[in-house]
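Okay, structure first, notes after.
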Amino acid sequence: MADEKLTPRSENYSEWYNQVVLRTDMADYAPVRGCMVVKPYGWALWENMQKELDRRFKETGHVNAAFPMLIPQSFFEKEKDHVEGFSPELAVVTIGGGQVLEEPLVIRPTSETVIGHMYSKWIKSYRDLPVLINQWANVVRWEMRTRLFLRTLEFYWQEGHTAHATAEEAQEETLRMLDVYADFAINEAAVPVLRGRKSESEKFAGAVNTYSIEAMMGDTKALQAGTSHNLGQNFAKAFDIKYLDQNNTLQYCWTTSWGVSTRFIGAIIMTHGDDNGLILPPRLAPYQIVIVPIYKNDEEQGRVMEAVENVRKQLKNFRVKLDDRTEVTPGYKYHEWELRGVPLRLEIGPKDVEKGSVMAARRDIPGRDGKSFLSQENLAPQVQELLDTIQAAMLQKATNFRDANIHPADTYDEFKQIVENGWAESWWCGSAECEKKIKEETKATTRCIPLNQEKDGHGKCIYCQADAAQKIYFSKAY
RNA sequence: CGGGGUGUAGCGCAGUUGGUAGCGCACCGCGUUUGGGACGCGGGGGCCCGCGGUUCGAGUCCGCGCACCCCGACCA
């Protein structure tokens, strides 16, 4: 599997990315164009991500449910922007059981419509609100150009759908979930995302406002890593989601939706990876630790494996892989587990048996500098500390990289230079026209309008020089 | 859907003026190895993308399909 050198990132970033995904056994191409198989190693990472996200959803009062994959086509015509946004990329079932269907069924690209339909049946009174439901699901969007994890015809995600009595509550929920995503990204994945609001042209089809977390990849391109939409009353009106308030007056609900997908796996790969392959954050890695035993003969093997067993027992609360294969050499194993991004490697050989030590090698610091000896005595706390250090170092490194590649742009010439290889933070008048022109001329798109800008700030639009009240990030994006 | 490219073993490729298919890696067996990608010997594996031509004979030449990849327009 791991027999040839990876293409270096600097030589061809997307080639590097593809090779990493395929060679680490995260995923494989499926027989249908644009579809992928998530293999056990990739799925294990996704399961750890799911666990952390799901925990946060539950902590903020949400419950899980499952809605159907097939949606009547007519549902998509009920919300004007939604149909415009999604109809080009719908997959539609027209035959069932050998019969042409009376009404074609859409394979869900997202579930606002069918969930909106159900909510209209379920919600009668202000006492029924808020409704806070999430589902873990797969969805299908017929994309033209696909990339493993980043854009596939079918992908896995969670989609939260909530209904509220007031506009304020819906807005609070929208921002709460944006914060949940940012917290997950930063503290679990060590991906230092930036929060903000999307421009009109970049927002979700049918939303009043879309917020996103934006991550910077190793080539400085941006990746939208999660979105949270305030849908206002658009879907409530389209699907007739109404409740009686305390004054016995019929009111439309205010709804939100929010999602994070397997695309985030791509974000982790491209945020942390290096020329030797993946580097996975300890808090999410399928294996946090790999143990490589080293011995020359049966006699040594006996002594070494005894020590390995002792170590393994001490580390039973960690996700540990013991690589006890005899058909490959230790050096081969080092390369393979480095490629696969295991944060910490423990080597145990005859010398360690003698000294009561364990050699620990950090994945995030290559070579000698990342190596240290641990004592076999009381090993678990030492390992925990190392993993915490690695997690923190990964976040710090990614944050430094991000900050080193975001620059304020004062003139358009400067701007063009910056977005060649980084993000520009610029004043923007808010017009779709400037946005479009900039995209045509530089390929940079608006990423998000940061939430934490100074009140009453003013400047000149980077493109048209008109008065601008907000700053926004521009960059090339995946 | 435009522009370019490629289809030969699991993967990466070679295959001369047309003569019945090979290399490296991977895989299987045996032996020696094992603290940074080990080696020797032996072995298994093919509808040469599909269909139709030309020819005594096609992986190779000619049509027509199909698939995939890369570059653009569209996107979580």
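Couple of notes before you dig in:
- Residue in the range A:133-143 that is among the basic types (Lys, Arg), modelled with pLDDT under 95 and either within 16 Å of RNA strand B (Cβ to nearest atom) or buried (at least 19 other Cβ atoms within 10 Å of the Cβ) (or both) present: yes
- For the range A:103-133, a tally of residues being β-branched (Val, Ile, Thr) and either more than 30 Å from the chain's Cα centre (by Cα) or not assigned by TED's automatic domain parsing to the domain that holds A:Asn247 (or both) returns 1.
- Scope the range A:289-328; condition assigned to a loop (DSSP other than H, G, I, E, B), more than 17 Å from A:Ala361 (Cα to Cα) and either without any contact (Cβ under 8 Å) to a residue 60 or more places away in the chain or within 12 Å of RNA strand B (Cβ to nearest atom) (or both); matching residues: A:Tyr295, A:Lys296, A:Asn297, A:Lys316, A:Asp324, A:Arg325, A:Thr326, A:Glu327, A:Val328
- The residue list A:Phe76, A:Phe57 contains one member that is at pLDDT below 95, surrounded by 15 or more Cβ atoms within 10 Å (Cβ to Cβ), assigned by TED's automatic domain parsing to the domain that holds A:Pro88 and more than 15 Å from RNA strand B (Cβ to nearest atom), which is A:Phe76.
- Evaluation of A:Gly349 against the conditions (1) surrounded by 20 or more Cβ atoms within 10 Å (Cβ to Cβ); (2) near RNA strand B (Cβ under 9 Å from one of its atoms); (3) within 30 Å of A:Gln396 (Cα to Cα) shows that the sole unmet condition is (3).
- Screening the candidates A:Asp179, A:Asp183, A:Asp245, A:Asp219 for the property of being farther than 22 Å from A:Glu84 by Cα and modelled with pLDDT under 95 yields one hit, A:Asp219.
- All strands (runs of 3 or more DSSP E) inside the range A:54-114 with 3 or more residues being touching a Pro at 6+ places or on another chain (Cβ under 8 Å): A:91-96, A:99-107
Here's the yes/no breakdown for (1) outside the structural domain of A:Lys51 (by TED's automatic domain parsing); (2) in a strand (DSSP E or B); (3) under 21 Å from A:Arg141 (Cα atoms):
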site	(1), (2), (3)
A:Ala190	no, no, no
A:Ser201	no, no, yes
A:Glu214	no, yes, no
A:Asp219	no, no, no
A:Tyr243	no, yes, no
A:Thr255	no, yes, no
A:Phe264	no, no, yes
A:Ile279	yes, no, no
A:Arg283	yes, no, no
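- Restricted to the range A:30-54, and to residues there that are surrounded by 15 or more Cβ atoms within 10 Å (Cβ to Cβ) and at pLDDT below 90, the residue that is farthest from the chain's Cα centre (by Cα) is A:Gly34.
- Residue among A:Asp275, A:Asp298, A:Asp245 that is acidic (Asp, Glu) and closer than 30 Å to A:Lys121 by Cα: A:Asp245
The values are calculated or read from the model by the stated rules, or taken from the named source; none is laboratory data. Keep in mind that this is a model prediction, so the values were computed, not measured. Positions of Cβ are generated from backbone atoms using ideal geometry, with glycine treated the same way; all protein chains shown enter the neighbour counts.
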